[in-house]
1. Would you mind checking the radius of gyration and Dmax of the range 304-439 based on alpha-carbon positions, in Å?
2. Roughly to the nearest percent, how much of the accessible area of the range 383-436 is carbon and sulfur, given a 1.4 Å probe?
3. Less than 11 Å Cβ to Cβ from Leu416, Lys/Arg counted +1 and Asp/Glu -1: what total charge do the surrounding residues give?
4. Might you tell me the accessible area per residue for the range 291-394, computed with a 1.4 Å probe and given in Å²?
5. Find which of Leu322, Thr512, His244 sits farthest along the positive direction of the dipole of the chain, computed with +1 on the beta-carbon of Lys and Arg, -1 on that of Asp and Glu, about the Cα centre.
6. Give me the dipole magnitude in Debye, nearest 20, for the range 51-128 about the Cα centre, with unit charges on the beta carbon: positive for Lys and Arg, negative for Asp and Glu.
7. Sort 455-464, 34-43 by the packing proxy (mean of other Cβ within 10 Å over each peptide's residues), most packed first.
8. Under a point-charge model restricted to the Cβ atoms of Lys and Arg (+1) and Asp and Glu (-1), what is the dipole moment magnitude of the chain relative to its Cα centre, in debye to the nearest 20?
Amino acid sequence: MNDHARDHVVQVDGLRVEDRAGRAILRDVSVSLPPGSRLGIVGESGAGKTTLALGLLGHFRPGLTRTAGAIHVAGHDVLAASARQLRAYRRSVVSYLGQDPAAALTPNMRIGAQVAELLHGDRSDDALRARFEAVGLPGDRTFRRRYPHQVSGGQLQRVAIARALAPDPAVLVLDEPTAALDLLTRGLIAEEIERQADLRSLALVMVSHDLAMVARSADELVVLRDGVVVEAGSVGAMLTRPTHAYTRELVEACDGEASRLANDRGPAGDAVLRVRGLAAGYRQGREPIPVVEDFDLDVAPGECVALIGASGAGKSTIAHCLLGLHPPGSGEVTVAGERLAPGVRQRSVAERRTIQLVPQDPLGSLNPRRRVGDTLRHALRTMRGLSRREADAEAARLLERVRLSPELLRRLPRELSGGERQRVAIARALAAEPHVLICDEVTSALDVSVEASILDLIDDLRADSGMAVLLIAHDLRVVRRIADRAVVLHDGRVREHGPVEDVLGAPRHELTRALVAADRPVGEIVRDREQRGWSSMRAPETAPL
């Protein structure tokens, strides 16, 4: 390692990673990061961001091989380390925090024990309490004895932060840590990560398609495209004066005015989806915990209604009730005039066909061992009773309908990009010819350029077929772009509803006002940081634990 590398806690030199076919995933990538600094890595799906981030942990996904280059982190030659050395390195030098906190936590292990097992030195009750309180969580033993499913999404992410920080690492690698959170929780989590980095003099490496988070949290920026670094430099310069055309495209897509996609015909006819008096919750021991109360909703054919609110407001619970996956305590759901049974197992195939879901994570919802063609044929034969020959022809037509080549029928989900997988998930939902399509954060894991194409597709589908769309979204840019009406949920109740331009343009409820205020353009965030100085967003208020 040369003298220049010794001045940096992270040093990547000439890294090349190839897949089994010899295709380069990363090509001659070089990155450096001084101690205590923050690096943002951005680029579209398939650019190699996660491959680079995982490389810092000494890990590459199955089928990928490092063919050239070196990685040094805090004096460790990562790619030359033995398996035993890597285990020790990952426990004490580098920590990883991904998009899905549930994936980082053991579901049948109490959250306090999951943080305690990684603590160095003092593992006393007081030390553990302090760790939880340091990330804004209750430190009492009752809370620490909860299991992951017993805390909210925002709390779960904070538990994951506490666990990642428990070994006091020199480097924290963040891979889309706030993508699945609402704007308010996203800001709180980003602020917590920044505060902990300041307190502990951590170096941060942030992989994100959220340029707003990068703008507020990073010092340096690397833009990847097709495995190549196309531009690198300070965040302020690159987000306000980008020199590469691709960087300019990303900034414009994120900060540009949302082009209205809602179809000109507007909603037609009576409501195809009608919900009345829906109430739902769960039980914690013998105690009932209400989540949604007295929820009413009408969605007309061809209309897109957005359901927005903070994490834990009840949006996903409502979607699960509509799909029959969560038994409601009361209320009724009708689609095309037919009342649906509360549970999916009580519904006929014809009833299940009427309402379909496009999930947030298509990779997790698609069978990894089943080729795209098999996935679509299974849906077509199960839902519509088609013969094998008919299903083959219809599967190809569905892919063309979602603007994919029928050649992808032979591929596995892992062989597709994020945008392609999302289109396959849409095609699978369309196989049932539904009256209502529920889109649950369908663009949260996608970069802004792919996001635009997915929204175009959904809008064209509802315009062509008259299909109603219920959109669950955290990103207000997405809501403004595609939705006709917005419904704001808070504490399980509707607090505000109406046309999107009214709800977001002149919000009446305090939650809506807070969400709109948190939806800040990248340029504005950069200007604020320039005015306050780039050295640090804030001064540490307390000493590190």
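The values are calculated or read from the model by the stated rules, or taken from the named source; none is laboratory data. Because the structure is predicted, anything quoted here is derived from the model rather than measured. Cβ sites come from the backbone with ideal geometry, for glycine too, and all protein chains shown count toward neighbours. Side chains are part of the model used for accessible areas, which takes the heavy atoms of the whole protein and leaves out ligands, DNA and RNA. Shrake-Rupley method; radii C 1.70, N 1.55, O 1.52, S 1.80 Å.
1. My reading of the Cα-based Rg and Dmax gives 15.7, 46 Å.
2. Of the solvent-accessible surface of the range 383-436, carbon and sulfur hold 42 percent.
3. Local net charge: +3.
4. Roughly 47 Å² per residue, with all protein chains present.
5. Among Leu322, Thr512, His244, the one farthest towards the positive end of the dipole of the chain is Leu322.
6. Dipole of the range 51-128, to the nearest 20 debye: 360 debye.
7. Highest-to-lowest ranking by the protection proxy: 34-43, 455-464.
8. Roughly 1940 debye, rounded to the nearest 20.
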